[in-house]
Amino acid sequence: MFCVKKNGKKYCVNKVPKMSGEDIVRIQMEAMKKNYRSSGIRSAYRYASPENRMNTGPFFEFRNMVLGNTYHHLLNCKSFIIKNKKYSKNNLNFRCLVEVQSNKDNKFYIYEFKLSRQFDYMNNMPLFDEHTGFDLKLYWRTNSVILKGEKTFENFNNITKNVLGRPIKICSASPMTGYFRDGICNTDETDSGTHVVCAKMTKKFLEYTKKKGNNLSTPNPQYNFPGLKPGDKWCLCALRWKQAVDGKVAPMLDLDATHKKALDYVNMDMLEKNKLL
């Protein structure tokens, strides 16, 4: 029997899980290193937690996210090293850094993996995973992978940060947003609209921006655009969002997923007044 404690309550399964948190990360990384026709991406998706899959969407959206600029260094990488491994005191969470040498530019990138033991703690029973058909009996699964930045001899360079000064988080993978369609409000010199603000759509804003000539409600397959509905998160142009503030129809923002570049266009006070709670 194997047991853990959470919030003072004991949870047990009949057998000790065979794989550690590090084992799961290694399985995912080995598969992505040998990725062929999305085989490695499928393996990464298989070992993602059910909550992770719910947030990123079905496999084709998860695949598009991994193929994007943020995560493509993981695919067919030249090498990887798992380091800075840390388990929580209650043995329910695991985190580590993975140093990857990209086959795209030969540079080294650092990713942070966060995992947790999967279990239906509310009902004190194994958590059924609909994707694999398995009962998760305190098995480790990956909750998130975040690009920390490029490794240099002195520090991590080119870290993509949000307006709070922390590593930026995914805005939305379902629908897949971002200038690079990688789920993140990233930008570069080719992004003339500066799509750096992660906003949660409302009916009022969608009607407003349509009247302004930017129809975000209607799908446009030519540009891989699904069409948005209230409740969807999307990376908006910073100036268009500021216009919406002036028009009193601005959607609320996810500041964890809003790129620091937004501060070139709006001040922090305005962002704070319009943040999601």
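Read-outs throughout are calculated quantities, based only on the coordinates presented, and are distinct from any laboratory measurement. This structure is a prediction, so every number in the text was calculated from the model and none was measured. Every residue, glycine as well, gets a Cβ built from its backbone with ideal geometry; the counts of neighbours run over all protein chains shown.
Within 11 Å, Cβ to Cβ, of K114, how many net charges do the neighbouring residues add up to if Lys/Arg are +1 and Asp/Glu are -1? So the environment of K114 carries a net charge of +2.
When cysteine pairs in the chain are screened for C-beta atoms closer than 4.7 angstrom, the residues that find no partner are C77, C96, C237. Between the C-alpha center of the range 210-277 and that of the range 4-69 there is a gap of 31 Å. Could you sort out which of K83/K233; K86/K161; K6/K34; K5/K169; K248/K275; K5/K85 sit more than 26 Å apart by Cα distance in this structure? With Cα atoms farther than 26 Å apart: K83/K233; K6/K34; K5/K169. Placing a label point 7 Å from the Cα of I82 along the Cα-to-Cβ line, the residues of the range 118-143 whose backbone N sits under 12 Å from it are 140-142.
With a simple spin-label model that places each label point 7 Å from the Cα along the Cα-to-Cβ direction, the separation between D246 and N220 comes to 2.3 nm. Label zone of E207 (point 7 Å out along Cα→Cβ, amide N under 17 Å): in the range 237-264 this covers 244-245, 247-252. Rounded to the nearest whole angstrom, the semi-axes of the ellipsoid equivalent to the chain, taken from the Cα gyration tensor as √(5λ), stand at 34, 22, 18, largest first. List residues of the range 121-139, by number, whose backbone nitrogen lies under 20 Å from a label position 7 Å along Cα→C-beta of M1. Label zone hits: 121-127, 136-139.
Subtract the Cα-Cα distance of K15 and K107 from 0.36 nm times their separation in residues, and report this length gain in nm to one decimal.
28.9 nm
Mean projection of the Cα convex hull over all viewing directions, computed for the range 120-275: 13.1 nm². Taken about its Cα centre, the range 196-277 carries a charge dipole of roughly 280 debye when the Cβ of each Lys and Arg holds +1 and the Cβ of each Asp and Glu holds -1.
Between M122 and K148, the simple spin-label model (points 7 angstrom out along Cα→Cβ) gives 3.4 nm. A Förster radius of 35 Å combined with the Cβ-Cβ distance from E51 to D191 puts the calculated FRET efficiency at roughly 0.70. Each of the trypsin sites (Lys or Arg not before Pro) that DSSP puts in a loop and that has at most 10 other Cβ atoms within 10 Å breaks the chain; the longest unbroken stretch is 90-247. Would you work out which of M54, W140, V196 lies farthest towards the positive end of the dipole of the chain? Charges go on Cβ: Lys and Arg +1, Asp and Glu -1. Highest projection toward the positive end goes to W140.
Straight Cα distances below 21 angstrom link K9 to the lysines K89, K137, with same-chain residues fewer than 8 positions distant left out. For the chain, adding -39500 (n - 2.57) for each run of n ≥ 4 DSSP H residues and dividing by the number of residues yields -6000 deg cm²/dmol at 222 nm. Rounded to the nearest 20, the Cβ-based charge dipole of the chain about its Cα centre (Lys and Arg +1, Asp and Glu -1) stands at 700 debye.
Measuring nothing but how far apart in sequence close Cα pairs (under 8 Å, 6+ apart) lie, relative to its length, the chain scores a relative contact order of 14 percent.
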